[in-house]
Structures are given as C-alpha cells and as structure tokens.
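To start, the structure itself, in structure tokens.
Since every read-out is calculated from the coordinates, none of them should be taken as a lab result. Quick caveat: nothing in here was measured; it's all calculated off a predicted structure. Heads up, the Cβs are rebuilt from the backbone with ideal geometry, glycines too, and the neighbour counts pull from every protein chain shown.
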There are 2 protein chains.
Amino acid sequence: MQSITRLLTIAVLFISAGSFLVADEGMWMPQQIPDLAPKLKAMGFTGNPAAFADLTGHPMGAVVSLGGCSASFISPEGLIVTNHHCAVGALQYNSTPQKNLLVDGFLAKTRDEEISNGPGARVYVTQSVKDVTEAITGQIDPKLDDRQRHDLTDRRIKERTAACEAGGLRCRVASFFGGHKYYEIAQLEIQDVRTVYAPAVGIGNFGGETDNWRWPRHTGDWSFFRAYVGKDGKPAPYSKDNVPFKPRQILKIQPAGVKSGDLVFVVGYPGRTQRHQTYEEVKLTTEWTFPRTIKNYQDQIAILEEIGKQDKELQIKAASRLRGLNNTLTNRRGMLEGLVKGGILAQKQKAQKDLETWIAADPARAKQFGDVLPALRALQAEIEKTRERDAVFAQLFSSSTLLTSAQSAYLLSIEKAKANDMDRESSYQQRDWSRIREGQERIQRTLDARLDRVLLRYALGLAAELPADQRIAPLDKAAGLTPGMAKSDAAKAIDSYLDKLYAGTKMADRDYRLALFDKPTSEILATKDSFVELAYALDPMYQAERVADKKRQGADSRLRPRYMQALLQKEGGLVAPDANSTLRVTFGQIKGVDSKDGLYWKPFTTLAGIEQKHTGEGEFDAPARELAAIKAFRGGKKTPFLHPEVGDVPVDFLSSVDTTGGNSGSPTLNGKGELVGLLFDGTFDTIASDFLYDKVRTRSIHVDFRYALWVMSEVDGAGHLLKEMGVLD
Amino acid sequence: MQSITRLLTIAVLFISAGSFLVADEGMWMPQQIPDLAPKLKAMGFTGNPAAFADLTGHPMGAVVSLGGCSASFISPEGLIVTNHHCAVGALQYNSTPQKNLLVDGFLAKTRDEEISNGPGARVYVTQSVKDVTEAITGQIDPKLDDRQRHDLTDRRIKERTAACEAGGLRCRVASFFGGHKYYEIAQLEIQDVRTVYAPAVGIGNFGGETDNWRWPRHTGDWSFFRAYVGKDGKPAPYSKDNVPFKPRQILKIQPAGVKSGDLVFVVGYPGRTQRHQTYEEVKLTTEWTFPRTIKNYQDQIAILEEIGKQDKELQIKAASRLRGLNNTLTNRRGMLEGLVKGGILAQKQKAQKDLETWIAADPARAKQFGDVLPALRALQAEIEKTRERDAVFAQLFSSSTLLTSAQSAYLLSIEKAKANDMDRESSYQQRDWSRIREGQERIQRTLDARLDRVLLRYALGLAAELPADQRIAPLDKAAGLTPGMAKSDAAKAIDSYLDKLYAGTKMADRDYRLALFDKPTSEILATKDSFVELAYALDPMYQAERVADKKRQGADSRLRPRYMQALLQKEGGLVAPDANSTLRVTFGQIKGVDSKDGLYWKPFTTLAGIEQKHTGEGEFDAPARELAAIKAFRGGKKTPFLHPEVGDVPVDFLSSVDTTGGNSGSPTLNGKGELVGLLFDGTFDTIASDFLYDKVRTRSIHVDFRYALWVMSEVDGAGHLLKEMGVLD
C-alpha cells in the first residue's frame, strides 16, 4: 500500500520525460489540464478539459484531503469515501481490547451510530489556488546572507498565510519546482469527521503485509466517513449538535464500472516525489538513507511485535505504528531495488552529466548556471558530515512520544511568550495552537509508557554507538554514555537511565500533559519532569540544528530555482512539478503489464482470487459471510456489480496513472468524471517511480468500486449507504 | 521437477475425458497414434502418424529409457541427452569433497575424459512391443483361489519373459488398463553409460527447490551421456575397451526452435498415473497416504539437512536423497492441493457414483459388474486395517541401506537355493543377480553409517509409537520397545539398540557386503552380523506380508479388468492407458495459461529472468561466466539461438502435453520430429493431473533447446558437442 508518511524533503528539481504525449507520467496541477487537451483527446476523452481547472466545480470540488490521504464526497449529506488503510487511525481510536473495530469492521446503521474520528481528524476542501511567486521571491536584496534570505522568505509566507486565513479558511503557501514557483492554497477545514462504515480487516486489509504493494491484489481498501459542521454550516469541533456538511460537489457512482483500455483519472493529494532531485541527493538516499532505514525499521518492527505479544491492549496500541513501519519498510526495499537493480541511480547520473555538458557547452549558460551544481553539492556535503548524529537525534523524538510532547510544550511556551505572531516559529503560531492541543489529546489512545520505552531504548542504543566526533553530548551526560563504551555497559547505563526517566515523569497522564501546554516556560521547567529535563538538555543542540537548517534553506532557495530553470530550458515542454501534497490530477489507462520474465499481470482481479488466497488465518482470512456470499454468487445469485467481459465480480484493477503516497483514497474517475474505483497502492516493481517514472512498467492499484458495492449489498448489509449514494433506489 | 520415483501401484482404471479431440490428455501407446490421425491433422500435423507405431524407425527408435528417466540419441556416436536432474546420481557417484561435479558441472573435452556413471547405470532401447494378453490371462480355471490365480499369472509372466530374454534382450511383460491387457516389451540393455557434459548447478538446477514445479522457470535442466558397447557392438559392462554405441536412429536438433501455438510431441517413459483408480483409493491417498508422507518427508529432510552440516562428505552423500525427498514433498503438497482444494476428489466421487448408477440401471450390466466395486472396496478395507504398521515396516528398509542389503543378501540366498529359476521370486531370478550386485556396488558412494543411523532412528521412533494392535513384534523384542512406552524411554531404548546394531555390523564395508551376496543362507546367518540378525528376525513378518500381497494381487487381477471393462463400455472412444513406465507418445501445443486470478503465465521465459532472479547465492546463483555471456549478448553479441518474436534467448517453455514423473529427459519434438526441447517438469498447480487431467490448466515445462545450445557455445565451451550434433559445421 502507498505510504501515508509525508517526507520532509525540501528539494524538488525537474527532469522531463521527453515528449509528454507518449507517457502517462504527470501529477498535474489542475490549471495545467486544459493545456493537455490534445493528449486527453488522443486518449479518447470527450469531456471538457477546462473543467479540471475549476476547483469548486465538478469533479474537482468533490475531492478532499484528509491530511496524508485523499478522499471524495459521494452524497449530498457529506458522505466521504477513502481507503480502509486511511481509516486505521480512526478505527484504532475507537477500539478496545473487547471491541476491536480494526479487526471486526464497523457499520453505523443510523446517523446516531456514527462515531467521531477523534480530535485532529480533518477534511480539507480546496477553495482556491493563487500564484504568489512574485510576492514571495520578488525584490530580494542579493546582498542578504542565506540566513537573512530564509527569514525574509519565511516572513513573507507567514504574512500571506495570515492574510489569507483572515477569511476563515486554512491557508498554505506551497513551493513548486523547488521554489521556482509559489502558490497560495486556501482550504475549508472541517473538524468534525465521523466513521460511517469500514469492512472487516479480512476484506479491508485482505492480504496484509504479504500482498502490500503486490499484484495480483484482492484488498477491499475502502471506508466511509461523514463530514459534520455546525448548524450555521461552518466548520466546528465535534459536537452532538453538529449537522452533516452539504458539499458543493459530489461524485456520482458508476456501478457499470470500467474495462481494460478505458481512460481513468485520479484526483487527489500526492505527498512527495523526488523526480527532480540531483544525482548526489539520490545517491545519498540509495547508499545511506534507505539502507539505514531498512535496518532501523526491521529492528523496530521486531521490538513492537515482541512487546505486542504481552497483551492485547499493547497490540492494539502498536498496530497503526507497526502497519506504518511495515509499509515503509516494504516501500524502501522496493525503492532501493529500483534505484540499484532497476538502474535508476545510474540513469540519474547520466542525466545529470548530460545537463552539466549542456550547461558547459554554451558560455552564456555556463555563466548563468555553471556554479549551481557545485554549490548544491557543497551544501549536501555539509549535511552529510553529521548525518549519523542528526538521524539518531531525530529518532530520539520519533521514538518517544513522551519526549516529543515535553519538547513541544517547552517550545510552545517559548513561542507563546513572543508578542507578535509573525515572530513565532512556523508550526508554533497561533493558528497551530489548537491542533497542537488536539494532537496531544489524540495520541492518548496509542500512548503507552511500555511502548514508548522500548523504542526510546532502541534509539538510545544507537546514540551510544555514534562515533566520537558525532556525539549527542547532553544525552551522553544524562545517560552516562561514552564513545567506544562496551555494548553491555552501554545497555546497563541505558536501562538504568530509562528506569529513572520513566519513574520521574507524568507525561503519559492525559490531564497532566495537556495542562503543561498552557503553562509558561518557568512553570514547565519547575515541574522537574524527567522528560522535560531531557528535552531541555537537548534544546541547545536542537536550536543549533534549527539555525543551520534555516541557513541551508536560504542557500537552497538561492540555488535550486536556478537549477530548475536550467533543466526546464534544456528539456522544454509542459511539465508537472514534483508532488507536494497539493491537489493534482493524473490520468492513464486501465491496463495489465508484463511483470517478471514469463509473467503477465492481467488488469483485473476477481472474487476467484479471494477463494484461492483464503487460508482462514492471518492475513488471508476472508470473513465467513463473504465466503458464503461468494458461494451464493457461484450458485447463481445475480448481482448488478459484475465485470461482464471477465465474468466475475471485479475486485481490484491496474492502471497507468501516476500516483504516490498521499494519493491513497483518491477517487478513480471514468471519462465522464464518475467514480469507478479508489486508488490505494502502487506496485513493488515500480515503487521507485517516485524517483523516475517508468513509462512501460509503472502501474497504480485501484479497488474496483463494484467490489465495494457488492460487499456492501451482499456481505455487510450496508444497503442504506448504497441508497444514499444513489446506487440503489 | 518431475518425480523420478516409481510408485508401486497396481491399480489402473479408466475415466474418459470425453471427446478426445478437445483435450491434449493422453500418454498414448505408440500403436495408438495412427488412430489419432484426425486429431493430429486438426492440430496442424503434416507428417505420417503411422511413423510413431514403428518403434525402431524415426523418431521412436531414438528415444530411450534410463530406468526412471527418459532420454534420446542425438548423434551417430551414441551421444544421449537427458535432464540434469536425471544425472544427479552419476554426478554424485563421481564427486568428492574436493571436486564436486554436482556443483561445478562437468565437461569431457575428449572421449577419454568421459566418466563412467557407475555400475547399474543403464540405457534401454525398446525393440518391440507385443500383445500377450491371451497368453497371460487366457484359460484360467475360475475355480482357482486368489493365491493360485496370482501364482499362475506370475508363472506365465516369468516364462514368457525368460523365453523373450533368450534372444539376448531385456524383457518385461507389462499390465495395461489394470490387467485388462498385457504387452511383452523387449529392450536392448546398454550397460556402459558415461557422463559427457553437465552444466554447473547454477544453470542445471537454477532456482532449486524454490522454483521446483514452478513457473516462470529458468532451469537449464540438461546433461549429456554416451552409450558404450563392446567391440562386437553388443551391450557389455564398463570397460576401457568399449566403443561408442551406434544407434539405429538419432534425433536431429532444430536450432530455429519453436514458437507459441506450435504443435509438439513428447516421447518417453512416463512412470505412473492414477487416473483410473477407484474413488476409495484416491480417498485413502488424499486423507491418509499423502498427509503422512508430507509429515514424514519433512522430518527426514530436517534430519538430513542437520547432519549434512557436520561435514562436506556427508552433505554430498545425502544430496541426491535430499533432492528426491524435497521433490516428492513438493509434489505431494501440490497433489493434495489439487485433490482437496482443486476438487479432484469430489469429482472422482461423482464419477464413481455415475458409474454405479449406470451399472445399476441395466439388469444385464448389474449382473455383469454389480459386484465389482463392493469387492474392490472390501479388498481395500483389508489393506487399511494394518496400514500404519505396513508403512512403518516398509520405512525400516527404505531408511536403512544396511538393513535392506542384509535382507537382500538373505532373500537372494534362499532363492538361489531353488533348483528351478521359474520357482524363484521375481526380482530374485537369475536375470536379476548381476543388477543386484551392481546395486550393492553403486550404493557405496552414498552409503554412510551416520546417515543410515539417523534415518533408521527416525523409523524406529515411528515403530515405537504404533498402536498396540499393529506392532512390529520382532522389532519390539530386539529393541526393547513396548506399546504406550513413554517417548523418552523409547528414545533411550532405541539409541542403545542402535549403538549395538551399528557396533555389530560390517555391512557398510564394500567387500564384506558384496561377499555376503555370494554366500549360502547358513553362512550368512553364521556371520551374526547385527543387520543380518535384524533382517532375519523381521523375515517372518515380511513373508506373511508377501503372501497376503499375492492373495490380494490375485483378487485384483480377478476384479479390476472387469471394472475397467465397465468404464470402457460406459465412456467409449479411444483411450490412453494409465502410465506404467512403458514407451508413450503425447502431443500438445506450446501455450501459456491463466494461472492464479490476475496472473497469466507466458509460454516462454528468457535470459532476462535469469538476470532478474540471480542473487549470487543459494539456489539463484548463475555462474559468473554465464552472467558475462548475457552481458555480452545485451551488448550486441549475435547468437543464432534467439527466439525472434520474443527478442531474447529463450530458456524454458510451457506446453499442454500430458506427462508425469519418468518423462523427465524426454525429447520434445516439433511437427517434423526434430528435437526442440527437453521435458523436465510439470506445474505445481496441475500436479494432481496424475489423478485427473485438467483440460484447461494442465501444462508441462520444457527446457528450450536453444538455451542449451547458447550455453554450450557461449558459456561452457562445448562447441565440439554442437559439432557432433550437427548444429555447427
């Protein structure tokens, strides 16, 4: 399945895929679609391409972001469909050891039974996108140093955002083409989201990790939410009195579905691609970042699986983290295979060499661009000097929710003390305060000191092994670690430090923790909570890194747009920017593909595959009522949700659309803009398309919405939702 | 890969596949081929079908049996091609820890370098096949009891065999259609067989157990032998002075190969199929025999893998047994899947019910056949009463080569003492004496008391756990075992018994053992060798089983031909008998197949798959020189051995021909009778075709001979063999 992790990458550069008419590459900005009319026509599209540029019209107005996943409105009463794997957090939030919605699924028979997805759950409806490049990058004094440059840009972005949000919307100024362009995006932010229906895990995650990113696939990866707003129709936090949101646009379901060769569109919020990174950046990822991540995640998975055996509560609490780790692990393995064995790194090297040759071949170009690549290289070399330390430093926080909370409370108190909101660090401005609080409420359901401790213990072990010139000094001091220490001694020191840490904290207590976020700095420090003390001890290093990072961002904003310019000049043509979690449109065809030598992947899977894969245990455990429904179907029971050419109910299908993590849950539309499926995954073989799109082999995986309709009517008794969607009268 | 084990099944019944014109089912007797002319013509065959009935003509005269595998002559100088997995025994026989031909492969650059496959290696060239049904089954007094009936038939077979062999050939009277027909087959028996060429294991067994029975496949499953005879042209044991055999017929290689849709023939010696067994027999296999075998083989594999770690010599000695166990294990799993999940058992049940209804529907038929099925059922019920004990009893001998040798020497001495060769038990007649001796010589290379002991220990453990009413009493007495004994006590008793057994034997010594086979019974017993004593102690039970078995065979020969007659009458049409290790012809088309839901298996694999699968270790470790040759080919080096439509060198291909274990090494011929490949495997999905041919999904796997030619010329430097085959001038 596609990763829902947002990668924290600032780099976006562009390498064209040549003539755009031959490939299905491109996560297009909606406003680019009208320019693609010739290609769309060639692919058999008879509609109006300009419709895609109208963000509040049909179909764009129906497509929303959940923050990390995509989704769409499918009824006038605010019904939303997204992936099952995008609902894991919500299901987990509402699960107990006695009633595990993750396992059993959930169906609200009435509106009253719909359950809150918890604080922090959001639905974002994009209202407008505005080019603000000049406002952000215009008239910058070339004499500014990198840090000043960063601060100026940062300030401009904050000011624009604030002005935009004055209208009551949520706004973001996003960088495209590595800072070559900036757009201001305004979104309606719905804050009361509820779960309506999710199938059992034996449907929603059938095949589990074994089938994740794989084809043939038989996953029923859908779930249904509903957006609620205040009685005044405006976004409001969860309240019993809230009413269903009336979306301006909804998608119509097309129960007749699609067939091989059909044109399909996917509209959604792809997270991050790296197609425009420099060779050196891809090389670092290939040779260091991914191998490290793979080892690291394997270890963490083993740790969580082990501790999950202790009791059912821990298992539920660890579930969503485990699913995320496993998903990313598989993803990184696939990426690495594509980069190394698939030869993408080598192709990147060649492309960059070609660019350098092209720049050097013309004196004017050499003058304009000649310094860019060496400077980007130097910038990267600087980062690499402390990469081990920086990675472990970051992992301390990602491992321990308690530590992150303590740090967050401390940093918030510092920023709150500032008089002017514009002076506050981004993520700690007034606009962020309520979501910081919601985040702290939300984590309570997955928070467990035992989980926290085993992962922090692992991170401390890594810190203990850092080379002498890359130590985390305050941690060494606190935990009594020294470079080159014997492993067993380090383990002892760590365990005894952890005993003290977890004995000396109340951060796991909800009320205690939330109260901390309302306190001034002095009172926070006066608690002497052990995690506050650790966060405080680590703060000087954190601040130093933040400063260095701002300097680097300033340098990057000076260099990368010129690099992008060079690339654009060299390649020409209409080009999609790298994904950046903004609304995009991609289109392609439903088609199979030659997989490994001797194997062809057919474009559709069917119920037959569920019967074949079902073992009755583990990841291949279809619910008994589904098997019974299949049996009834085999016995002659009619269904309108057949794929006539295939002669069975279709389950999942392949298409050549260009997607990545964040696209999960995106509606798949036919040529008329009707919903026919949900995008939910890519194929392991072409995961590395995030770095370089493979024109022949790249495929995305969709759940065929006929399968959802069949399960809802024949298995899960969700006929009332079919009615609501207008599928049944 | 296909099993080379001969199953000891006497039952063969017939269920027609309906109109034979639609299916590729049928391991046809050569004399049936002319009757299939319409079907062949419909499939595009333009040759003369009658040619297949001429066993000494082309192409039939070129196809030989190696006893368990098939092969063919491909040069006037007696060059033979078969599978690599059929050469494992010979390669093992010639391997040492220092020079492991199994791993490194072997190539004789000259005739002098060709190495003997060891005593017992054989090439059988079928000379004639004669219907002797009347001579074997005619004029049998209906008043004879079952034992008498067996003895009469047995005597007739022995007499005919002796008369036939008087001409200097090796003869066999084989039963077809469960004793409904008998044919006398005369074969030239070549006794000096040498290894000429075998690729490295990274080609010959590329993919190993992981890929065994699987598609897509990339195994280079070929090896080359040469048949030698005395200077007089007659078969003779190995001698330096022997000369290459001049075959009457040879197969021409067609280096242009085949393509999808082409008609292909496979000629060879399929071992055993069970398509005509009764429902109850298949049920027993499904519910008891196969599950037991699977558990049993898993255990033995674990034991052998463990002991193989001790040293390299043990590993080599265990290799071929391990490969056989693994192969059968996979086979049985696939069979079981087909029988249960694939629904074959259910189809068998239905077919038998239909037959019974058909019999009962007509009074004359009811009179003629009404008693047959109940009687066969009663016969089987008798066998099932002691199935646990009988299985363990047999396993004592299959586990311990030393015990089998001791038993064999003892039984031989008893039979030798008889004055008339016709009175001797089959397998102990004069005609068998030299091969018994050769067998004892041959086993020396794999014999090791440590291996022998761990497997016998396992079998003794099973004996200890037998229920009280199915004990092996003499073993209980010898080893001090009692029913219901605590497991740990039994283990102790067994280990102490094994200590005594292996301390008290010299059977592992070649000369000592061979000498035993020349001694009279009294002298053998006087050795007091511990294994002789054990064999002697077990003999009364062995004899009792032999008598019961003869009685059962007599009953079977009375009943089964009538059952077969009923089936033939019900179904009608031209029908191939179940396989019985006699020469057969099967034909079909090269074609891919829909595999699991969403997957299509293309008919050809290519070098690209070797590059994809190569990991550099374990079962996926292509030789460096092969990878270099692929690289050179990718770099533009020309080869005549391309598949033009596929654009690569083909490796393996699929066809719809109907084959089974024993067919391994069979030549695959194009419509002109030219060699284009070697049959070497079936697909896991349709292994159970041995019980019921699947008209849609059954496929056989062949190595494309172009791959062999490419490896020989580009990788292994075997150009002289290409020249000898007439491929290169």
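D by Stokes-Einstein for region B:446-561, Kirkwood Rh over Cα pairs, 25 °C, 0.890 mPa s: 151 µm²/s. Calculation over all alpha carbon pairs of region B:88-207 in 10 angstrom steps from 0 returns a P(r) of 12, 28, 19, 19, 16, 6, 1 percent. Note on A:ASP104 and A:LYS631: their simple-model spin labels are 2.3 nm apart, each label 7 Å out from Cα toward Cβ. Cβ-Cβ distance of B:LYS130 and A:GLN569, R₀ of 60 Å, FRET efficiency by 1/(1 + (r/R0)^6): the value works out to about 0.10.
Candidate cross-link partners of B:LYS477 among the lysines, defined by an alpha-carbon separation under 23 Å and a same-chain spacing of 8 or more, comprise B:LYS385, B:LYS487, B:LYS492, B:LYS500, B:LYS506, B:LYS528. With Cα atoms as the point set, region B:354-495 shows a radius of gyration and Dmax of 21.8, 63 Å. Simple spin-label estimate for B:LYS500 and A:ALA419 gives 10.3 nm between the two label positions (7 Å along the Cα-to-Cβ direction from each Cα). For A:ASP54, inter-copy separations between label points set 7 Å beyond Cα along the Cβ vector come to 8.2 nm, shortest first.
Within the shell defined by Cβ-Cβ distances under 10 Å, the residues around B:LYS637 carry a net charge of +2, with Lys and Arg each +1 and Asp and Glu each -1. Can you compute the label reach from A:LEU144? Point 7 Å from Cα along the Cβ direction, backbone N cut-off under 15 Å, restricted to region A:541-571. Under 15 Å, as judged by backbone N against the label point of A:LEU144, lie A:550-561 of region A:541-571.
Between this copy and the others, label points of A:LYS231 are 11.8 nm apart in ascending order, each placed 7 angstrom from Cα in the Cβ direction.
Pairwise Cα distances in the protein assembly as shown exceed 45 Å for 53 percent of all pairs.
Note on region B:544-636: semi-axes of the ellipsoid equivalent to its C-alpha gyration tensor, largest first and rounded to whole Å, are 50, 22, 14.
Using Cα positions and a limit of under 19 Å, work out the lysines in reach of B:LYS570, with same-chain residues fewer than 8 apart set aside. Partners found: B:LYS181, B:LYS348, B:LYS350, B:LYS353, B:LYS367. Projected over all directions and averaged, the alpha-carbon convex hull of region A:168-319 occupies 15.2 nm².
Using just its DSSP H runs of length 4 or more, each adding -39500 (n - 2.57), the protein assembly as shown gives a mean residue ellipticity at 222 nm of -13000 deg cm²/dmol after division by all residues. Inter-copy label distances for A:ASP489: 5.6 nm (label point placed 7 Å from Cα along Cα→Cβ; shortest first). Strictly greater than 29 Å: what percent of every Cα pair in region A:42-251 meets that? The share of Cα pairs beyond 29 Å in region A:42-251 comes to 41 percent.
The Cβ shell under 12 Å around B:ALA71 holds other residues with a net charge of +2, Lys and Arg each +1, Asp and Glu each -1. I want the local charge near B:TYR182. Using Cβ-Cβ distances under 10 Å, sum +1 for each Lys or Arg and -1 for each Asp or Glu among the other residues. It works out to a net charge of +1. Extension gain for A:LYS246 to A:GLU337 (0.36 nm times residue separation, less C-alpha to C-alpha distance): 28.2 nm. Report, ordered by chain and residue number, the lysines lying within cross-link reach of B:LYS246, taken as a straight Cα distance under 26 Å and ignoring same-chain residues fewer than 8 apart. Straight-distance partners of B:LYS246: B:LYS109, B:LYS130, B:LYS231, B:LYS234, B:LYS672, B:LYS723.
By the equivalent-ellipsoid construction on the alpha carbon gyration tensor, region B:276-384 comes out with semi-axes of 42, 14, 10 Å, ordered largest to smallest.
Above 46 angstrom, tally the Cα pairs of chain B and express them as a % of all pairs, no decimals. Considering chain B, 19 percent of its Cα-Cα pairs are separated by more than 46 Å.
With the simple model of a label 7 Å out from the Cα in the direction of the Cβ, A:LYS723 to A:ALA256 spans 2.6 nm.
One residue of chain B places its C-beta nearer than any other to the axis carrying B onto A; that residue and its whole-Å distance are B:TYR600, 2.
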